[in-house]
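A short write-up of the structure that comes next.
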Amino acid sequence: STGKRRQQNRNRSTQPQEAAKGPGISDYNSSDQKTACRKHELYVSFRELGWQDWIIAPEGYAANYCDGECSFPLNAHMNATNHAIVQTLVHLMNPENVPKPCCAPTKLHAISVLYFDDNSNVILKKYKNMVVRACGCH
Amino acid sequence: GSNYLFDGNNDIHPNFVHRRLRTHEKREMQKEILSILGLPHRPRPHLSHDKYNSAPLFMLDLYNTISNEEKTDMEGILDQYKSMFTTQGPPLATFQDSTFLNDADMVMSFVNLVEYDRELSPQRRHHKEFKFNLSQIPEGEAVTASEFRLYKECVSQAFKNETFLITVYQVVQERPGRDADLFLLESRKLWAAEEGWLEFDITATSNLWVMSPHHNLGLQISVETSNGRSISPKEAGLVGRDGALEKQPFMVAFFKVSEVHIRSVR
């Protein structure tokens, strides 16, 4: 219930060191490489789906996906100071929400698909954002 | 089916998950991909032999043009299609088509639904009619360009050093027992000896047909020799429904997708 939760929060906020005990910089960088946020291969084969009778081309496409722990986003513009500022702002807006960067695509590419419709007309259509080319922490 | 996913040259693709999808997984995946492609269900084209006629070949040429990075794979597929025919017709997609393609998001080719070969009494003209069903065009798409494509074979044996005047009309009003009311779209002079695809721009007509389908009464072509004699399009070497599959007349329309299909977050 919210009452209890508020009680907990009250406890939490009375012990600042607890808040400070959030994940320190070091924790972020210690994420194990194999679980770090990165692109994973996933190939969608239209042939394996049994669709080669109506999809003329391509045979399939490398959709891929992003997964993995988001390490502290210490890239160019998101240095420790900026991150602390973002963290503080988010905290002010929504105290209960501990912002955590999420692993998601940073570069997506289109594919074109050539297929028959029900009337045997042929359609060539471009589909945006179908292939994950790069992942990153947002 | 194979258990493994192969790329074009039959190598097992590195670090792809290699296992067969279970039935329910396959069905889930199919639903997922259809929703991404924006299709309500998987199409079931009745491909007696249509699969290998001129329209898919033309569209495959266009696909090949825009999918350069997969060019090696595509040429394989294209050669496979073409190898099914004895005659290697001239390249289908022209430079003009590729420029149309640059600012289009979708291209549709339409098979010719009906063809009246009106070999009428001498005082009335020979002509050939074509009809296309544009009702399958997704709602609200604007046609940015559209072509009627007709294959002409060489007939220099029968018409030595002769020229023809080929005229394409839009049928405006049909008149039972009489010539229909026609709107001239384009006239073109050709040598009897010429061979290859003729493209006629019918963008305005296609937009009219999309906006008011009841005006879609099809196209008519007629042919005259240089001394004004009306001859049948077939005599002039224009390929109709009874001609070779890969030379069938068809129509192709280029669209600018107005609403972007947003994928639901999964």
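Rule-based calculations on the coordinates, nothing more; no lab input. This structure is a prediction, so every number in the text was calculated from the model and none was measured. Positions of Cβ are generated from backbone atoms using ideal geometry, with glycine treated the same way; all protein chains shown enter the neighbour counts.
Neighbour counting of Cβ atoms within 10 Å sorts the residues B:Trp191, B:Trp209, fewest neighbours leading, into B:Trp191, B:Trp209. Spacing of the modelled spin labels on B:Leu208 and B:Ser135, each 7 Å from Cα toward Cβ, amounts to 2.1 nm. In order along segment B:143-153, phi translates into HN-Hα couplings of 6, 8, 6, 7, 10, 9, 10, 9, 9, 10, 9 Hz, rounded to whole numbers, per the Karplus curve 6.51 cos²θ - 1.76 cosθ + 1.60 with θ = phi - 60° and x for Gly and Pro. Within 10 Å of the Cβ of each residue in B:22-29, the mean number of Cβ atoms contributed by other protein chains is 1. By the gyration tensor of its Cα atoms, with a ≥ b ≥ c the square roots of the eigenvalues, what is the shape of segment A:43-138: rounded for a/c under 1.5, prolate for a/b over b/c, or oblate? Prolate shape, in that a/c is at least 1.5 and a/b is the bigger ratio. For B:Trp191 and B:Asp242, the FRET efficiency from 1/(1 + (r/R0)^6), where r spans their Cβ atoms and R0 equals 25 Å, is about 0.60.
Pull out the extension gain between B:Leu113 and B:Leu34, defined as 0.36 nm times the separation in residues minus the alpha carbon to alpha carbon distance; nm, one decimal. Between B:Leu113 and B:Leu34, full extension yields an extra 25.7 nm. Put in line by how crowded their Cβ is, counting other Cβ atoms within 10 Å and starting with the fewest, A:His109, B:His126 read A:His109, B:His126.
Computed from the C-beta positions of B:Arg27 and A:Ala110 and an R0 of 25 Å, the FRET efficiency is 0.40 to the nearest 0.05. Counted by neighbouring Cβ atoms within 10 Å, the residues B:Phe159, B:Phe250 run from fewest to most as B:Phe159, B:Phe250. Under a 5 Å amide H cut-off, with hydrogens placed 1.01 Å from N, A:Glu59 pairs with nothing among residues at least 5 apart or on other chains. Taking each of B:Lys128/B:Lys152; B:Lys128/B:Lys189; B:Lys131/B:Lys234; A:Lys100/B:Lys26 in turn, the alpha-carbon distance tops 23 angstrom for A:Lys100/B:Lys26. Converting phi to 3J(HN,Hα) with the Karplus coefficients 6.51, -1.76 and 1.60 and the offset θ = phi - 60°, segment B:20-33 yields 6, 6, 6, 4, 5, 5, 4, 5, 4, 5, 4, 4, 4, 5 Hz in sequence order, with x at every glycine or proline.
Computed 3J(HN,Hα) for segment B:208-222, one whole-Hz value per residue from the Karplus formula 6.51 cos²θ - 1.76 cosθ + 1.60 where θ = phi - 60°, is 4, 5, 5, 6, 9, x, 6, 7, 7, 9, x, 10, 10, 10, 9, glycine and proline marked x. In plain terms, the C-alpha convex hull of segment B:140-248 casts an average shadow of 8.0 nm² when viewed from every direction.
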